[in-house]
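The values are calculated or read from the model by the stated rules, or taken from the named source; none is laboratory data. Quick caveat, the model's predicted, so the values are computed rather than measured. Heads up, the Cβs are rebuilt from the backbone with ideal geometry, glycines too, and the neighbour counts pull from every protein chain shown. The area values use the complete protein model at the heavy-atom level, side chains included, leaving out ligands, DNA and RNA. Shrake-Rupley method; radii C 1.70, N 1.55, O 1.52, S 1.80 Å.
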Amino acid sequence: MSEKEVLLTPDGLKRLEEELENLKSVKRREVAERIKVAIGYGDISENSEYEDAKNEQAFIEGRIITLEKMLRNARIINNDEIDLDTVSIGSTVVVEDKEFDEIVEYTIVGTAESDPLKNKISNESPVGRAIIGKKKGAIVEVSVPAGIIQYKIVDIKK
């Protein structure tokens, strides 16, 4: 079974590489030191500090494996690949919510770097799926749990 391609912007790639480096060089050492200190307390069978440190170590190692896999399967979306005629990954899209007459700006990114609080939405999210491939001026309908939302694509930028 082939591994899924991970779409990243250059910024997303940089953030993942920095996180991986931090986990390998800083967090691993910190947890190893915590384990060493916890072992020094004696009997590890009922040692909550030891258990917590081992759990954190397992989480860190799992995250390292995940990040390495993502980076191995990464495809970088560069600015010159972004088409200003249609919405694509890497596009910044200005949309108008037709019901509430509100203007919202989203950047379309791959799932690995989506951050809804920063208006970075995944190409696989309901809104992302609905607007990918659409042109400026298009009206799209997005099915959400609360019903249907209509957006008009006002502008497409890099």
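Among the protein heavy atoms of the chain, carbon and sulfur supply 50% of the accessible surface, probe 1.4 Å, non-protein parts ignored. Per residue, segment 106-156 exposes an accessible area of 55 Å² to a 1.4 Å probe, with every protein chain left in place. Cross-link pairs exceeding 26 Å between alpha carbons, from the set Lys24/Lys69; Lys14/Lys54; Lys14/Lys120: Lys14/Lys54. Dipole size of segment 10-119 about its Cα centre, with +1 on Lys/Arg Cβ and -1 on Asp/Glu Cβ: approximately 820 debye, rounded to the nearest 20.
Springs between Cα atoms under 10 Å define the GNM used for the chain, and in it the highest mean-square fluctuation of Ser143, Ser48, Ser114 occurs at Ser48. Bridging of Lys98 to lysines at a Cα separation below 18 Å is possible for Lys134, Lys135, Lys136, Lys152, once same-chain residues fewer than 8 apart are set aside. Residues whose amide H lies under 5 Å from that of Ile77, counting only those 5 or more places away or on a different chain, are Leu8, Thr9; hydrogens are built 1.01 Å from N in the peptide plane. For the chain, the 222 nm mean residue ellipticity estimated from helices alone, with every DSSP H stretch of n ≥ 4 adding -39500 (n - 2.57) and the total spread over all residues, rounds to -11500 deg cm²/dmol. To the nearest ten degrees, helix 10-22 and the longest principal axis of the Cα atoms of the chain are 10 degrees apart. Measuring r between the beta carbons of Asn78 and Ile148 and using R0 = 30 Å, the FRET efficiency lands at 0.30.
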